[in-house]
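Below is one structure, written out as structure tokens; the observations come after it.
The values are calculated or read from the model by the stated rules, or taken from the named source; none is laboratory data. Given the structure is predicted, the values throughout are model-derived calculations rather than measurements. Every residue, glycine as well, gets a Cβ built from its backbone with ideal geometry; the counts of neighbours run over all protein chains shown.
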Amino acid sequence: MKKALATFFLLTAITVAVRADILADWTFEGTAITETTSSDYIYGPADSGIHAAGSSGGGHHAATNTAWSDNVGNGSSHAVGATRWGTGDYFQFSLSTVGYNSLTIAFDQTGSNTGPRDFELQYSTNGTTFSDFDSYSVTNVTWTSTGAPKTASNHSFDLSSITSLNNLGTVYFRLTDLSATNITGGTVATTGTSRVDNFIVNGVAIPEPSMLGLMGLGAAMLVGVRRFYRRNS
């Protein structure tokens, strides 16, 4: 009985410590998407999440006549799209990670056949200097506003190894165009589009000192009970 209780206590403490929370989720359903022609676009704070307040989503293109548009999402009514892609252009998202570590990111992205294919997920702790994390390719997946989301357009990344992103007032992520190659292998056209939806950042709460103490006590109890049963079995 004591062994079972100690095991339960330890597993409960560990489960609480490693629970992943949604820090920010840009579904693009909560705020009206303003269609504009400009180099820069700002959607604004995430639609939900623990750190939605103070977060920001948008993008930047070198071309001043980039069309930022409201498009059908992946199983929803809205997503942000853009034309006139050039190498180095990007979607960008920023948020606080205070109190959290072990970040993971997931999002949906699609494009027209003449839109850009090659992208890089980048991160920054100051909004100026960005580091490459991983590259990925976008395919042309037809999104609809109803029905289940198309998993073929989903991308996910585990950034838990990037400890510099942990517990900061603001971190930044970019989905950056890497080349002039379009989805079909040709050249990106000025009217070629890329579209993003459901950009989600998750994190694991950093345990309070009291929780670390409970985890240590639970571990000690479990070890003690196991030793007792080995000696008396």
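Which residues, taken from region 152-176, are out of contact with any helix residue (DSSP H, G or I) (no Cβ under 7 Å at 6 or more places or on another chain) and among the β-branched types (Val, Ile, Thr)?
Ile162, Thr163, Thr170, Thr176
In region 46-74, which residue that is farther than 17 Å from Val201 by Cα and surrounded by fewer than 17 Cβ atoms within 10 Å (Cβ to Cβ) is nearest to the chain's Cα centre (by Cα)?
Across region 46-74, the extreme among qualifying residues is Asp70.
Quick one: would you say Asp108 is free of Cβ contacts under 8 Å to residues at least 24 places away in the same chain, at negative phi and part of a strand (DSSP E or B)?
Considered against the rule, which asks whether it is free of Cβ contacts under 8 Å to residues at least 24 places away in the same chain, at negative phi and part of a strand (DSSP E or B), Asp108 comes out as no.
Okay, residues lined up against (1) closer than 22 Å to Leu23 by Cβ; (2) in contact with a strand residue (DSSP E or B) (Cβ under 6 Å, 6 or more places away or on another chain):
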site	(1), (2)
Thr66	no, yes
Asp89	no, yes
Val98	yes, no
Ser124	yes, yes
Thr144	no, no
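Out of region 182-208, which residues are surrounded by 15 or more Cβ atoms within 10 Å (Cβ to Cβ) and either at pLDDT below 95 or in a loop (DSSP other than H, G, I, E, B) (or both)?
Ile183, Val188, Ala189, Gly192, Thr193, Ile206, Pro207, listed by residue number.
Restricting attention to region 64-78, does a residue exist that is assigned to a loop (DSSP other than H, G, I, E, B) and among the acidic types (Asp, Glu)? Walk me through how you get there before you give the answer.
Just the residues of region 64-78 that are assigned to a loop (DSSP other than H, G, I, E, B), to begin with: 64-66, 72-78.
Within this subset, residues satisfying the condition of being among the acidic types (Asp, Glu) are none.
Taking every residue of region 64-78 in turn, none turns out to be assigned to a loop (DSSP other than H, G, I, E, B) and among the acidic types (Asp, Glu).
Restricting to region 75-116, and then to whatever is more than 19 Å from Ser179 (Cα to Cα) and polar (S, T, N, Q), can you tell me which residue is nearest to the chain's Cα centre (by Cα)?
If we take residues in region 75-116 being more than 19 Å from Ser179 (Cα to Cα) and polar (S, T, N, Q), then Thr104 is nearest to the chain's Cα centre (by Cα).
Which is outside any loop (DSSP other than H, G, I, E, B), out of contact with any Phe, Trp or Tyr (no Cβ under 8 Å at 6 or more places or on another chain) and either touching a residue at least 24 places away in the same chain (Cβ under 8 Å) or not hydrophobic (A, V, I, L, M, F, W, C) (or both), of Ser102, Ser179? Walk me through how you get there before you give the answer.
Values: Ser179 fails: outside any loop (DSSP other than H, G, I, E, B).
Within the list Ser102, Ser179, the selection yields Ser102.
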